[in-house]
Each structure stands twice: as structure tokens, then as C-alpha cells.
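Reading through the C-alpha cells given below for one structure.
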Amino acid sequence: MKTIKPVERFEGEFDLPGDKSITHRAIMLNGGAEGEAVITNALMGGDCLSTCQCMRALGAEIEIDGTTLRVRGTPHFRTGVNLNCGNSGTTMRLLIGFAAGKGIEAKLVGDESLSSRPMERVALPLSHLGADVRTSAGRAPVYVYPAPLHGADVTLRVASAQVKSAVLLAGLSADGETRVTEPQKSRDHTERMLSAMGADISVDGLTVRVKKSRLKAADVCVPADISSAAYFMALGALKGKTLSKNVGLNPTRTGILRAFDKLGVKYTALNRRLSGGEETADILVEKSPLRGIALTAEEIPAMIDELPLIALLCAFADGESRISGARELRLKESDRIRTTSEMIAALGGICIETEDGFVIRGRKTLPGGNVESYLDHRIAMTAAVGLMASERGGNIDKPECCAISFPGFFELLEQ
Ligand code: S3P
């Protein structure tokens with residue numbers, strides 16, 4: 001249980017942890033490459049540690065020194081292994097494609113939350129390449145068996161970077177060309193990193209093509225995670241002024257800034273630069289009066305992990321907000337349409353659950369209260385922001401889950 005007191009004003013400069021999506025990929029792709037790579041500012045949260053543990057189980061060598069990792073791939077992967085992906089959907093879904101590509105026999109398991117999440121969405125597209133991936137009634141445990149792979153044309157029903165990446169990782173070992181097309185653009189860190197590591201890959205709108213390739217290890221300097229910075233940016237907007245430093249601004253991830261534009265949040269991107277093939281900047285956010293907004297399906301993938309927080313900002317806005325086309329939220333670490341609505345209600349706000357999103361009646365201020373995390377890191381951190389900005393504060397039950405993506409979150413908040 002964590003008690004959070006309301007704050008009059010929240011101001012400061014913040015160095016935030018490395019990007020979770022980029023860290024997963026830097027570990028996994030270098031673990032399957034020739035040579036050695038150094039990854040700096042890696043996120044050492046629970047999810048990325050799960051990826052380290054699985055890649056080690058497969059034979060990759062990984063030395064961890066704070067947030068610097070040294071990764072050496074192996075030409076001879078262990079097979080017949082059990083891979084424990086913990087709470088991490090990215091670890092499990094990417095590893096299914098990785099194992100299928102490398103001809104590894106593996107059983108992939110996860111915790112209770114991960115074991116309830118859909119895995120057929122990965123198994124089915126991989127079967128088009130000839131992969132032998134078997135789920136347990138659509139979920140984990142997932143079994144991967146070696147099978148010869150051939151290129152294929154794969155069309156995804158949902159925009160999912162995890163599924164797209166799994167197909168691309170398998171496609172690297174398939175004979176011929178693999179094409180994967182998604183309905184909307186999801187995050188493209190895999191494409192960028194594969195290209196930097198020498199893969200034969202090209203992107204044409206919503207279609208990515210990949211041919212059989214060997215990867216060369218490449219150092220990665222991981223920018224701060226915009227999904228983690230989002231909590232500090234939101235506190236700036238609600239309560240004062242924050243500068244979040246070196247934040248990754250990959251255009252497939254900056255949906256929250258477009259939501260900020262609609263909400264009326266005043267922000268500036270300072271010191272724009274390129275870091276490891278990804279654009280970064282320091283984001284200054286200042287207290288702003290917020291207004292209700294509408295968000296629809298095509299805007300959702302670029303802000304998918306920030307939607308609980310955006311919904312919270314809508315609860316502090318003037319007027320009604322409608323977020324639709326976000327059904328994917330029901331399939332995250334918790335059913336985030338339900339858990340976000342319940343969290344906002346517990347804070348004293350009005351958030352009505354719809355089938356694919358929310359209707360939020362903004363009240364400009366919320367009284368506070370006692371909130372559950374549902375063991376979902378994004379819900380816990382969003383609740384902390386809500387309580388700090390509330391009139392009376394309150395408690396968060398089971399707040400430790402923040403360490404999945406943001407170890408040290410509460411310490412930084414209290415600093
Ligand atoms: C991720 C993709 C997204 C996102 C998740 C990380 C990734 O999931 O929600 O937190 O690193 O590829 P989906 O692929 O299910 O949309």
C-alpha cells in the first residue's frame with residue numbers, strides 16, 4: 001500500500017529510464033547477432049529482465065552493469081528450453097517469432113496476467129510462414145517446434161508491434177520474401193534496429209518486407225521512454241512545470257503529444273537531436289487549463305500505453321471526452337478499459353466504460369480516494385499522478401508493479 005499526498009505544485013527536471021520497447025529489441029536482436037554490442041541506458045525493469053533471462057537461457061551472454069549491458073550472441077542456441085516471460089507480453093510474443101526463426105524448440109510460460117493474454121494472434125500469422133507454434137487454447141503456455149520457414153504475405157487484423165515484430169524475426173530466416181501489412185502503423189523500433197544491424201528490410205507505408213538476413217551486432221543508446229516520461233509530463237500539465245530529458249520521439253510513439261495538442265497542454269520540445277537512429281528531445285510541459293477531447297481508432301496505436309493517463313487528464317479537463325477504437329486496451333496487463341474506469345471512479349471522477357473506450361465527464365478537480373493497481377504498472381502510475389493532483393490524495397494498493405517498466409518511480413516522484 002502506498003499513500004500519496006496531494007501537491008500544491010510539482011516542478012523539476014527528470015532523467016527517466018530507458019525505453020522498454022527498444023531495450024527488449026536491443027537485447028533480443030543482439031542476442032541473435034554476430035559479434036558483441038553495448039547497450040547504454042537500458043531499462044532494467046522487470047519486463048526487460050525477463051527478456052535477459054530468456055536470452056541467457058537460449059545461450060546468449062549478457063553482462064549487466066547498472067543500465068549498461070554487454071550482449072554477445074551465440075551461433076548455437078540451446079533448444080528444448082523453458083522460457084519464463086514473467087509479466088512481459090513483448091518478451092513472449094517476440095520470442096515466439098525469434099525461436100521459430102532460429103529453429104529452437106521451446107515452451108514459453110508467463111505469470112497469471114500474461115497467461116490470460118491472447119497468443120493465437122502470433123501463432124496464426126507465423127503458421128503462414130510454415131512455423132509450428134502451438135498455444136494452449138489461444139494462450140500460454142506456447143510451444144514452438146522447429147520447422148522450415150518460407151516467405152509469406154501476412155496481413156494483420158490489429159495494429160500490433162509485437163505481432164509484426166514476431167513475423168519479421170521469423171522472416172529473417174525464411175526462404176524468400178516475407179511481407180507484413182498492418183491496418184495502422186504500430187511502433188517501428190524493430191524495423192529500425194534490424195536495418196541498423198544489416199538486415200535486408202524495407203518499409204512501404206503499412207507494409208514491411210524482409211528477406212533472409214544475418215544480423216551484425218550493433219550498439220544501442222536507448223533514449224528515455226516517452227511512456228514513462230508521460231507521467232511527469234502530465235504532472236507538469238496539472239500541477240506546475242516539468243522538464244523530461246532525452247525523451248524518445250519516434251513518430252510511432254508520440255500520440256500523447258497529439259493528445260496534448262487537443263487537450264490544450266502547453267509543451268515545447270527542446271534540444272531536438274538524433275540518438276541511436278531515434279529522434280529525442282527534452283520536453284518542457286507547463287500547467288495548462290485542459291479541455292475535453294475526442295480520440296478515434298487511427299490515433300490509438302501511437303498512444304496505446306498512455307491511454308489510461310490520457311483518460312485521467314480528461315477527468316481533470318473542462319467538458320466531456322470520448323475515446324473510441326481502443327478495444328486493444330482490454331488485452332493488456334489488465335483490461336485497461338475496465339481498470340482505468342474503476343481507477344478514475346475511485347478518485348472521484350466520472351469515466352464511463354464503452355465497448356472500445358471511454359466517455360469521461362471532466363470535473364477540473366478530483367477529490368482523491370483509495371485506488372487499486374490491479375497489478376498493472378500503468379494503472380498504478382496513472383493513479384499516483386491522479387492522487388498527487390487530487391484534493392485529498394489517497395492510497396494505492398499493490399503499487400510495487402511499477403517496477404515492471406519504471407523501477408524507482410515513487411522515489412523519483414517524491415524526490
Ligand atoms: C509493444 C507493443 C504494444 C505495447 C506494449 C509494447 C512493443 O503492444 O502496448 O507495451 O514493444 O512492441 P501491442 O503489440 O500488443 O500493441
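Residue-by-condition table, conditions (1) of a type in the set (A, V, I, L, M); (2) open to solvent by less than 50 Å² (accessible area, probe 1.4 Å):
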site	(1), (2)
PHE10	no, yes
ILE39	yes, yes
ALA42	yes, yes
CYS48	no, yes
MET55	yes, yes
ARG78	no, no
ARG93	no, yes
Taking VAL222 as the residue in question, decide whether it is open to solvent by less than 10 Å² (accessible area, probe 1.4 Å), at pLDDT 95 or above, of a type in the set (Val, Ile, Thr) and under 23 Å from the mean Cα position of the chain (by Cα).
yes
Count of residues meeting criterion [more than 12 Å from ARG93 (Cβ to Cβ), away from the ligand (no atom under 11 Å from the Cβ) and assigned to a helix (DSSP H, G or I)] in segment 152-203:
7
In segment 19-34, how many residues are within 18 Å of GLN53 (Cβ to Cβ) and more than 8 Å from the ligand (Cβ to nearest atom)?
8
Just to be sure before I move on: is ARG273 out of contact with any His (no Cβ under 7 Å at 6 or more places or on another chain) and surrounded by fewer than 16 Cβ atoms within 10 Å (Cβ to Cβ) in the structure I sent?
yes
Could you identify the single residue in LYS239, LYS245 that is open to solvent by 50 Å² or more (accessible area, probe 1.4 Å), touching a residue at least 12 places away in the same chain (Cβ under 8 Å) and either away from the ligand (no atom under 16 Å from the Cβ) or among the small types (Gly, Ala, Ser) (or both)?
LYS245
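Check ALA345, ALA403, ALA384 and return the single one that is assigned to a helix (DSSP H, G or I) and more than 25 Å from ASN87 (Cα to Cα).
Going through ALA345, ALA403, ALA384 in turn, just one is assigned to a helix (DSSP H, G or I) and more than 25 Å from ASN87 (Cα to Cα): ALA345.
Of everything in segment 211-236, what is away from the ligand (no atom under 16 Å from the Cβ) and farther than 30 Å from ALA152 by Cα? Give them in sequence order. Write out each step before concluding.
Residues of segment 211-236 away from the ligand (no atom under 16 Å from the Cβ): 211-219, 221, 232-236.
ASP219, CYS221, PHE232, MET233, ALA234, LEU235, GLY236 - these are the residues of segment 211-236 that are away from the ligand (no atom under 16 Å from the Cβ) and farther than 30 Å from ALA152 by Cα.
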All positions within segment 369-398 that are open to solvent by 10 Å² or more (accessible area, probe 1.4 Å) and farther than 18 Å from GLY240 by Cβ
GLY369, ASN370, GLU372, TYR374, LEU375, ARG392, GLY394, ASN395, ASP397, LYS398
Contact list, first residue from segment 156-181 and open to solvent by 20 Å² or more (accessible area, probe 1.4 Å), second anywhere and acidic (Asp, Glu), beta-carbon distance below 7 Å, six or more apart or interchain, is VAL158/GLU328; ALA159/GLU182; ARG179/ASP153
Please go through (1) under 16 Å from ALA302 (Cβ atoms); (2) in contact (Cβ under 8 Å) with a residue 40 or more places away in the chain for ALA234 and return the number of the only condition it doesn't satisfy.
(1)
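Conditions tested, residue by residue: (1) open to solvent by less than 30 Å² (accessible area, probe 1.4 Å); (2) part of a strand (DSSP E or B); (3) farther than 22 Å from ASP219 by Cα; (4) not charged (D, E, K, R).
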| residue | (1), (2), (3), (4) |
| --- | --- |
| ASN82 | no, yes, yes, yes |
| ASN87 | yes, no, yes, yes |
| LEU108 | yes, yes, yes, yes |
| ALA140 | yes, yes, yes, yes |
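The values are calculated or read from the model by the stated rules, or taken from the named source; none is laboratory data. Computed from a prediction, not measured in an experiment: that's the story for all the values here. When we count neighbours, we look across all protein chains shown, and the Cβ atoms used for this are built from the backbone with ideal geometry, even at glycine. Only protein heavy atoms, including side chains, enter the accessible area calculation; ligands, DNA and RNA are left aside. Shrake-Rupley method; radii C 1.70, N 1.55, O 1.52, S 1.80 Å.
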